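Notes follow once the structure below has been shown.
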Amino acid sequence: MTHPVPASHDASLAHAQSFWRTWVFSTDHKTIAKQYMFTGLALALVGGFLAYVIRMQLASPGRPVPGYGAVGPGQYNAVVTLHGTIMIFWVAMPILLAGLGNFLIPLMIGARDMAFPRLNMLSYWIFFISTVILLVSFFVPGGAAAGGWTTYPPLSDRAINSGVDLGVTLWILAVALEFAAFLMGGINFIVTAINNRAPGMRLFDMPLMVWMEVAASIIFLFSVGPLIAGAVLLLLDRTANTGFYDPARGGDPLLFQHLFWFFGHPEVYVILLPGFGAVAEILPVFARKPVFGYRMIVYSTIVTGVLSFIVWAHHQFVAGIDPRLATPFSITTILISVPIGITLFAFIATLWRGSITLQTPMLFALGMIAVFLLGGVTGIHNGVPATDIYIHDTYFVVAHFHYALIPSVFFAFFAAFYYWFPKMFGRRTNEWLGQLHFWGTFVFMNVTFFSMFLLGLMGHHRRISNPHFFEALRTPEADRLQWIATIGALGLLAAQIALIANLILSLTRGVRAERNPWRANTLEWTVESPPPHGNFATLPLVRRGPYEYSAPGRSEDYLPQDAPA
Amino acid sequence: MQYARAAHIEHESTEVPTGRLGMWWFLASEIVIFGGLITIYVLFRWRHPEWGAESSHTINAAGGFNTLVLLTSSLTVVLAHKAVSEGKLGEAARLLGFTLLGGAVFLCVKVFEYTHEIREGFLPARSLFWSFYYTMTGLHALHVLGGMVAIACVLVAVRRGKIPHRVEYVGIYWHFVDVVWIFLFPLLYLTS
Amino acid sequence: MVASDVEAGHPNYVAIWGILVAALIVSLLMAGMKLPVVTLVLIFSVAIVKAWLVAAYFMHLKYEPFFVLLVVFAGLACLYFLFVGLVPDVVFHAASAVGP
């Protein structure tokens with residue numbers, strides 16, 4: 001066995017490969033990260049369009065939606081199902097977990113690539129195939145899956161129950177492939193962070209982003225298994241005429257709900273933690289202060305991860321579960337807000353007496369904390385059976401999880417995107433367009449979803465295509481709120497034009513970025529922008545933790561992790 | 001290919017080789033998939049004591065023989081790992097061949113069992129017990145097949161003197177398939 | 001097998017295989033017994049012992065650092081949570097379901 005000289009830092013290596021190997025079937029973690037990210041953003045446009053259809057239909061039921069046409073009740077179900085599915089599985093996970101994780105983990109821990117680069121490429125291409133299958137399911141006879149993103153049986157196990165046959169099978173297939181892709185990616189993340197850290201980097205020298213990505217990957221890996229088993233049973237119910245979920249034949253439809261939420265609730269943290277990680281990187285850089293309570297945040301994350309496995313039944317309080325389950329699951333649900341609260345307080349304490357600069361990444365990071373707090377606090381109402389029985393399946397819940405997911409997915413991703421854009425593409429973004437994007441997103445997000453809290457308390461059920469069907473929702477007040485939410489949604493979508501314009505403008509005409517434009521400490525800023533294939537000329541020797549800002553007695557207010565003292 | 005492996009990993013932070021660590025995390029994901037299925041089955045079995053009568057129609061002798069076959073193939077694959085660590089690649093290849101043979105015998109016996117049961121009218125849709133029986137043994141058989149493909153690939157490579165460390169990794173996977181069967185056998189056959 | 005094998009992380013594999021086969025024969029014999037509860041407990045105890053022998057010696061879990069063991073047990077812990085949470089609904093609540 002010969003040990004060749006590491007040739008990766010030879011910059012010509014990247015150019016020596018063909019177009020296909022460099023840009024399409026690449027094993028370079030940075031290229032794969034961009035592939036995931038742009039696939040996710042493209043799918044966000046699809047998901048956003050579906051949101052537009054939903055909002056237009058609810059504001060003026062029955063009137064054809066411009067650009068889509070009339071929305072019948074069955075079609076409305078498919079649109080809602082696919083909006084949820086796409087936004088969670090094809091937007092949140094690829095951009096936050098796979099996109100940011102792939103780009104940042106090797107760079108932040110000082111590795112040349114992921115532990116298994118070819119597995120990484122395979123993971124993206126399986127994800128790509130799953131994306132194609134999902135999009136194809138819109139156009140098959142019978143239309144796309146219409147059983148909700150939770151795809152409960154009996155809606156999903158017999159075609160006669162939801163009116164959709166092939167669409168549901170394709171949905172299950174697409175989600176299964178997507179899970180396989182993220183399992184491969186997750187194993188790669190975990191092993192890379194455990195085993196391929198640069199010399200000198202201990203576990204507690206890792207940036208919080210790496211901790212959070214790894215924690216999210218571990219949570220995903222352990223929670224998804226039973227659902228995969230459950231999905232196999234569902235598929236057999238559909239194709240092989242078994243009766244796993246059919247009570248008439250001894251099966252149990254509640255079982256699927258349990259399996260789904262055993263995965264589904266940890267999935268919330270799979271999405272949230274990478275967002276927290278990005279915020280934790282950005283706050284100290286723009287406040288020029290060490291992050292407050294680094295170890296406390298790590299421990300809180302671990303506790304959150306463990307607790308996330310024992311809260312799932314709070315999604316099923318009204319599903320007919322054993323009433324004795326309600327109290328323990330309610331207690332654990334309230335309990336999980338403690339470690340999350342600790343993390344948020346640590347973030348706020350990081351700002352205390354910092355010298356804060358409100359540039360675009362920082363604005364989005366602060367916006368994330370502000371909006372997420374409201375989402376988290378309204379979660380308490382859903383976690384207690386007494387109030388949940390009243391608000392369950394109303395727009396209050398819809399508003400709650402959008403207040404939790406939009407900050408953790410979009411705000412945190414945009415913060416990360418503006419922050420690491422110079423590293424990814426070697427150019428600076430336009431600050432003015434970035435600020436416009438932030439204020440548009442922040443204001444219209446609140447306009448849209450705050451009115452949904454009020455609609456939910458008025459009794460607007462979350463899965464009806466025509467609110468006028470109900471007496472209580474036929475009032476002028478309700479109609480006004482529906483329109484406010486719709487106008488907010490249109491504004492929210494319009495604000496994203498600023499992002500697209502910024503992206504195009506910065507990629508073509510942006511100012512060239514130097515290595516470390518934000519004067520940050522972590523290892524990714526010590527290499528060129530964009531980093532070459534193989535990342536580091538020689539592996540860095542890590543000497544300290546990632547957040548040494550404004551150390552007394554130094555001329556510079558930052559101290560990179562690998563700089564000699 | 002070996003070039004790429006050696007080039008991008010220069011430093012390992014723990015004493016466990018990166019490939020073996022990856023295999024363990026992969027097995028962790030398999031534990032929750034198979035374990036999830038077994039958990040669901042155990043709960044249903046608890047709820048339906050009458051499944052004991054159905055379970056008595058499985059062939060204990062065939063299941064027992066298959067357990068023996070898998071245990072023996074586990075022995076040969078771990079001996080192959082030992083042979084590799086002693087530098088005896090030829091012996092390792094021969095032992096891997098025995099493991100492949102064991103996998104093939106296991107699948108043949110399984111096919112014989114399925115044929116027999118289907119002839120007797122025990123189809124997957126007959127009752128929930130048989131649905132579980134075919135799902136669990138079928139998924140396990142797919143893992144046996146997958147393991148055989150992996151072992152065959154490693155066998156070819158070892159014959160050419162390449163990447164012998166992978167003998168250990170496929171071995172760990174093969175033992176996992178064995179462990180799953182150790183639980184499936186009493187769950188589906190013996191508790192009648 | 002010599003002592004140096006054990007030091008190199010290679011226990012006597014053939015002997016472990018012998019114990020596993022003996023355990024298999026024991027569980028096959030127990031399946032014929034007429035005491036359901038005792039049989040059940042014994043058969044699954046034997047299965048757990050067999051699985052542990054394979055994992056510890058054939059898969060070398062005994063020789064791995066502690067955190068690898070933790071990976072396996074974290075998976076089992078998740079399954080335990082799932083099991084406990086599902087018992088009330090799937091095992092006992094089913095009586096209220098429709099059908100035979």
Taking first residues from the stretch B:31-55 that are closer than 16 Å to C:Phe92 by Cβ and second residues anywhere that are crowded, with 19+ Cβ neighbours inside 10 Å and of a type in the set (Gly, Ala, Ser), the pairs with Cβ under 8 Å that are 6 or more apart or on different chains are B:Ile40/A:Ala229; B:Ile40/A:Gly230; B:Phe44/A:Gly250; B:Arg47/C:Ala94; B:His48/A:Gly250
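Considering B:Thr39, B:Thr99, which residue is under 24 Å from C:Ile48 (Cβ atoms) and in a helix (DSSP H, G or I)? Walk me through it before giving the result.
Working: B:Thr99 fails: under 24 Å from C:Ile48 (Cβ atoms).
Answer to the selection: B:Thr39.
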Considering the stretch A:428-461, residues that are assigned to a helix (DSSP H, G or I) and among the hydroxyl-bearing types (Ser, Thr, Tyr), and then whichever is farthest from A:Glu514 (Cα to Cα), we arrive at A:Ser451
Requested in this report: Evaluate the following for B:Glu91: is it more than 10 Å from chain A (Cβ to nearest Cβ), touching a Leu at 6+ places or on another chain (Cβ under 9 Å) and surrounded by fewer than 17 Cβ atoms within 10 Å (Cβ to Cβ)?
Outcome: yes
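Looking at the stretch A:184-207 only, could you name the residues that are part of a loop (DSSP other than H, G, I, E, B), over 21 Å from the mean Cα position of the chain (by Cα) and more than 9 Å from chain B (Cβ to nearest Cβ)?
At the first step, the residues of the stretch A:184-207 found to be part of a loop (DSSP other than H, G, I, E, B) are A:196-202, A:206-207.
In the following step, the residues that additionally are over 21 Å from the mean Cα position of the chain (by Cα) were identified as A:196-202, A:206.
Across the stretch A:184-207, the qualifying residues are A:Gly200, A:Met206.
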Would you confirm whether or not the stretch B:63-74 contains a residue that is surrounded by fewer than 18 Cβ atoms within 10 Å (Cβ to Cβ), within 12 Å of chain A (Cβ to nearest Cβ) and either modelled with pLDDT of 90 or more or under 30 Å from B:Phe98 (Cβ atoms) (or both)?
no
Scanning the stretch A:229-277 for residues that are part of a loop (DSSP other than H, G, I, E, B) and among the charged types (D, E, K, R), the one farthest from the other protein chains (Cβ to nearest Cβ) turns out to be A:Asp246
Of the listed residues (C:Ala77, C:Ala94, C:Ala51), the one being surrounded by fewer than 16 Cβ atoms within 10 Å (Cβ to Cβ) and either closer than 23 Å to B:Leu188 by Cα or at pLDDT 95 or above (or both) is C:Ala77
Test for A:Ala193: is it crowded, with 18+ Cβ neighbours inside 10 Å, among the hydrophobic types (A, V, I, L, M, F, W, C) and within 25 Å of A:Ala42 (Cβ to Cβ): no
Counted residues in the stretch A:92-127 being among the charged types (D, E, K, R) and within 23 Å of A:Ile406 (Cα to Cα) come to 0
The residue that is nearest to C:Ala77 (Cα to Cα), considering only those in the stretch A:300-326 that are touching a Phe, Trp or Tyr at 6+ places or on another chain (Cβ under 8 Å) and among the polar types (S, T, N, Q), is A:Ser308
When A:Leu177 is run through (1) buried (at least 24 other Cβ atoms within 10 Å of the Cβ); (2) modelled with pLDDT of 95 or more, the failure sits at (1)
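Report yes if some residue within the stretch B:108-127 is among the aliphatic types (A, V, I, L, M), under 13 Å from the mean Cα position of the chain (by Cα), part of a helix (DSSP H, G or I) and surrounded by fewer than 22 Cβ atoms within 10 Å (Cβ to Cβ); otherwise report no.
Filtering the stretch B:108-127 for residues among the aliphatic types (A, V, I, L, M) gives B:109, B:111, B:118, B:123, B:125.
Restricting the remaining residues to those that are under 13 Å from the mean Cα position of the chain (by Cα) gives none.
No, there is no match, as no residue in the stretch B:108-127 is among the aliphatic types (A, V, I, L, M), under 13 Å from the mean Cα position of the chain (by Cα), part of a helix (DSSP H, G or I) and surrounded by fewer than 22 Cβ atoms within 10 Å (Cβ to Cβ).
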For the stretch A:443-470, pairs from a residue that is farther than 26 Å from A:Phe372 by Cβ to a residue that is of a type in the set (Gly, Ala, Ser), with Cβ under 6 Å and 6 or more apart or across chains, are A:Gly459/A:Ala472
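Looking only at residues in the stretch A:129-148 that are more than 16 Å from A:Gly74 (Cβ to Cβ) and in contact with a Ser or Thr (Cβ under 9 Å, 6 or more places away or on another chain), which one is surrounded by the most Cβ atoms within 10 Å (Cβ to Cβ)?
Step one: list which residues in the stretch A:129-148 are more than 16 Å from A:Gly74 (Cβ to Cβ), which gives A:129-136.
Pick out the ones that are also in contact with a Ser or Thr (Cβ under 9 Å, 6 or more places away or on another chain) and you get A:131, A:134.
On the way: A:Thr131: 23, A:Leu134: 25.
Ranking the qualifying residues of the stretch A:129-148, first place goes to A:Leu134.
Here is a yes/no grid of residues against (1) more than 10 Å from chain B (Cβ to nearest Cβ); (2) part of a helix (DSSP H, G or I):
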site: C:Leu20; (1), (2): no, yes
site: C:Ala23; (1), (2): no, yes
site: C:Ser27; (1), (2): no, yes
site: C:Lys34; (1), (2): yes, no
site: C:Val37; (1), (2): yes, yes
site: C:Val46; (1), (2): no, yes
site: C:Ala51; (1), (2): no, yes
site: C:Val54; (1), (2): no, yes
Note to self: One residue is enough: does the stretch B:152-172 have a residue meeting the conditions assigned to a helix (DSSP H, G or I), within 14 Å of chain A (Cβ to nearest Cβ), crowded, with 22+ Cβ neighbours inside 10 Å and of a type in the set (Ser, Thr, Tyr)?
What the structure shows: no
Residue pairs within 7 Å by beta carbon, gap of at least six or interchain, first lying in the stretch A:354-372 and of a type in the set (Lys, Arg), second surrounded by fewer than 23 Cβ atoms within 10 Å (Cβ to Cβ) and part of a helix (DSSP H, G or I), listed first then second, are none
For the stretch A:121-128, does any single residue satisfy the condition of being more than 14 Å from chain B (Cβ to nearest Cβ), surrounded by 23 or more Cβ atoms within 10 Å (Cβ to Cβ) and either over 20 Å from the mean Cα position of the chain (by Cα) or closer than 20 Å to A:Thr239 by Cα (or both)? no
For the stretch A:141-176 the number of residues that are within 26 Å of A:Tyr36 (Cα to Cα) and either without any contact (Cβ under 8 Å) to a residue 12 or more places away in the chain or not small (Gly, Ala, Ser) (or both) is 10
- Could you tell me whether any residue of the stretch B:175-189 is free of Cβ contacts under 8 Å to residues at least 24 places away in the same chain, part of a helix (DSSP H, G or I), out of contact with any Leu (no Cβ under 7 Å at 6 or more places or on another chain) and more than 14 Å from chain A (Cβ to nearest Cβ)? yes
Exercise for the section: Say whether the condition of being away from chain B (no Cβ under 14 Å), modelled with pLDDT under 95, crowded, with 21+ Cβ neighbours inside 10 Å and within 28 Å of A:Trp261 (Cα to Cα) is met by at least one residue in the stretch A:63-77. Expected result: yes
Does B:Tyr133 satisfy the criteria of being out of contact with any Pro (no Cβ under 6 Å at 6 or more places or on another chain), surrounded by fewer than 22 Cβ atoms within 10 Å (Cβ to Cβ), of a type outside the set (A, V, I, L, M) and at pLDDT 95 or above?
-> no
Among residues of the stretch A:249-294 being touching a strand residue (DSSP E or B) at 6+ places or on another chain (Cβ under 7 Å) and more than 20 Å from A:Leu104 (Cβ to Cβ), the residue surrounded by the most Cβ atoms within 10 Å (Cβ to Cβ) is A:Lys289
Matching residues in the stretch B:17-33 (more than 7 Å from chain A (Cβ to nearest Cβ) and either more than 15 Å from the chain's Cα centre (by Cα) or modelled with pLDDT under 95 (or both)) number 3
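The values are calculated or read from the model by the stated rules, or taken from the named source; none is laboratory data. Please read these numbers as outputs of a predicted model, since none were measured by experiment. Cβ atoms come from the backbone with ideal geometry, glycine included; neighbour counts cover every protein chain shown.
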